[in-house]
Every structure is written in C-alpha cells, then in structure tokens.
1. Averaging over every viewing direction, what projected area does the convex hull of the Cα atoms of the protein assembly as shown cover, in nm²?
2. Roughly what would the spin-label model give for B:MET1 and A:VAL158, points 7 Å off Cα along C-beta, in nm?
3. Top mean-square fluctuation among B:VAL67, B:VAL22, B:VAL47, Gaussian network model of chain B, C-alpha springs under 10 Å?
4. Based on the alpha-carbon gyration tensor of region B:4-100, what equivalent-ellipsoid semi-axes (square roots of 5 times the eigenvalues) come out, in whole Å, largest first?
5. What's the whole-number percent of alpha carbon pairs in region A:1-72 lying beyond 16 angstrom?
6. Give me a single rounded figure for A:14-24: the average over its residues of other chain Cβ atoms within 10 Å of their Cβ.
7. Once you put a point 7 Å from the Cα of A:VAL148 and another 7 Å from the Cα of A:PHE101, both along the Cβ direction, what distance in nm separates them?
8. For a quick check, take a GNM of chain B with Cα springs below 10 Å and name the residue from B:SER41, B:SER88, B:SER16 with the largest mean-square fluctuation.
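Nothing in this text is a laboratory measurement; each read-out follows from the coordinates by a stated rule. Predicted model only: the values in this text are computed from it and were never measured. Positions of Cβ are generated from backbone atoms using ideal geometry, with glycine treated the same way; all protein chains shown enter the neighbour counts.
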Amino acid sequence: MEALIFVPAAVLAVGGALGVVLSRRPVHSALSLLLVLASLAVLYLLLWAQFIAVLQVVIYAGAIVVLFLFVIMLLHMQTGEPLRDPLRKQRPVMVVVAAFFLSGLTYIVTAGGVALQRGAVAPDFGTAEGVGRALFTRFLFPFELASVILLVGIVAAVAIAKEVPGLMVHEESTVEEADVLAAAADH
Amino acid sequence: MVPLSFYLVLGALLFSLGIVGVLIRRNALIVFMAIELMLNSVNLTFVALARHLTSIDGQLAVFFTIVVAGVEAVVGLAMLVEIFRARSTVSLDEVDLLRG
C-alpha cells in the first residue's frame with residue numbers, strides 16, 4: 001500500500017532531477033526542481049513528517065523556486081550554455097565518476113546491517129506540536145542561531161545587490177574614456 | 001511496507017544527480033539548482049532515518065537545513081546578480097578570475 005505512493009513519487013523525483021540537470025533552458029530546470037520538491041514533500045508525508053512536508057512546500061517550493069524564477073527573469077537568460085566549452089572531453093568522465101559514487105553509496109546503505117524495523121511512534125510524531133516541543137526545549141540555541149542567520153542573510157543580500165553609483169562600469173563612463181583617448185590621440 | 005534502504009538509495013541517487021549537475025553544467029543558475037537538489041536529498045535521508053529510529057531529531061535537522069538553504073540561496077543569487085551586472089554573463093567558464 002505504501003509502495004503504491006512511494007514508487008510514483010520516487011519516479012517523479014528522479015525524473016525531475018534529470019530535468020534539472022539536463023534541461024537546455026533555466027526555466028525548465030526551475031520547473032523540474034519544483035517537481036522534485038513536490039515529490040519529496042509527498043515522501044515526507046509517507047514518513048510521518050507532516051510539519052516538514054508543509055515547510056518544504058511553503059519555503060522551498062513557494063519561496064526559493066520563485067526566487068530562482070525572479071532571478072532568471074532579471075538576468076533575461078535566453079539559453080543556458082555558451083558556445084564553447086573547454087572541458088567538453090571531461091563530461092563523460094564526470095558522469096562515470098558520479099556513477100561510481102552512486103554505486104559506492106548504494107552499497108553502503110544496502111549491504112550493511114541497516115535492517116531497521118519500523119517501531120511505533122507517538123501520535124504526535126512529526127506534527128507541528130511534536131517538532132515544536134523539541135525545537136523549543138532541546139534545540140533552543142540552534143533555533144536562536146537560525147534567526148540570526150536569517151537576519152544576516154537578509155542584510156547581506158540587500159547590501160550585495162544594492163547599486164552603488166559610480167562603482168560599476170556603466171555605458172557613459174566607457175564613452176568618456178573613448179573621448180579622452182581620442183582627445184589624447186589628437187595631440 | 002517500503003524498507004528503509006529504498007529511501008536511502010533514492011536519496012543517494014538524487015545526490016549523485018546533483019553532483020553530475022554541478023560538474024557538467026556551466027550556467028551558474030543550474031549549478032545553484034543542482035546544489036539545492038543535493039540538499040534536498042540529504043533532507044530525505046534525515047527524514048527517513050528519523051522515522052526508522054523513531055527520533056524526532058532527524059526532522060529538526062531538516063528544519064535547520066531548510067532555513068540555512070534558504071539563506072544560502074538568497075545570498076548566492078544576490079551575488080550572482082551582481083556578477084551578471086559586472087560581467088554580463090553567468091557562465092562559470094567566463095568568470096574565472098578573482099580580479100575584478
């Protein structure tokens with residue numbers, strides 16, 4: 001019964017991951033990432049992690065992917081790849097390396113004594129109440145640190161992306177340079 | 001009843017696909033998305049192990065991973081926008097000098 005939900009969600013997750021990695025256009029990659037995040041949210045629901053599933057959809061799919069799409073729109077990307085690729089011969093080697101890595105990981109998770117049976121869990125396992133109880137008692141210090149990290153991230157993003165007049169090379173300044181060079185050449 | 005190893009293998013597969021994406025693609029935006037893919041695969045591993053060890057701590061780890069991944073995406077994309085303003089490209093091949 002659980003496999004009836006696991007198999008389609010897993011297939012969609014892998015398909016979305018392939019779409020992220022192989023798509024020509026960044027918008028298609030962003031939508032494939034959305035598919036991966038939604039499939040993982042379904043898997044979290046299977047694993048008694050309701051609160052995390054909702055967090056995943058709201059924060060990851062609802063904010064981060066939207067941020068990616070905004071940046072894609074801002075950068076006005078037409079295609080993803082440049083015409084020349086100096087490392088082109090290394091691409092098959094990279095895929096082979098990743099395949100070796102995958103086989104190593106698969107061996108580790110399946111061959112060892114990780115034959116854990118599922119025990120019974122409390123009824124509020126994975127709910128907002130269950131996660132919150134642990135969050136505000138045993139994980140209080142990381143929680144406060146997380147809010148500091150969020151604040152620092154917001155300030156840093158605003159400070160980085162803010163335009164400082166005169167700092168960047170603008171169109172007008174290059175024209176001035178050309179005028180100065182032409183005037184210097186005239187002498 | 002889906003065994004634990006299925007979830008772990010799925011996490012490993014997504015992680016490897018993220019690695020392939022980071023290694024192969026030259027567009028910085030796609031590389032960012034592949035990094036997010038890797039973070040999500042680790043989240044899946046945490047949640048699966050939390051269920052099978054009947055400990056809520058794995059889900060707390062996912063909570064903090066999501067928070068930090070959000071901050072990382074915001075700051076990284078801000079830097080990407082700034083680099084694009086300076087160089088008019090987001091190709092990793094063409095932004096290879098530390099000198100501005």
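1. Reported value for the Cα convex hull: 18.5 nm².
2. Each label point lies 7 Å from its Cα, and together they span 5.4 nm.
3. Highest fluctuation of the listed residues: B:VAL67.
4. Computed over region B:4-100, the values are 32, 16, 7 Å.
5. Percent of Cα pairs beyond 16 Å in region A:1-72: 49.
6. 5
7. Here the answer is 3.2 nm between the modelled labels.
8. Ranking B:SER41, B:SER88, B:SER16 by mean-square fluctuation puts B:SER88 first.
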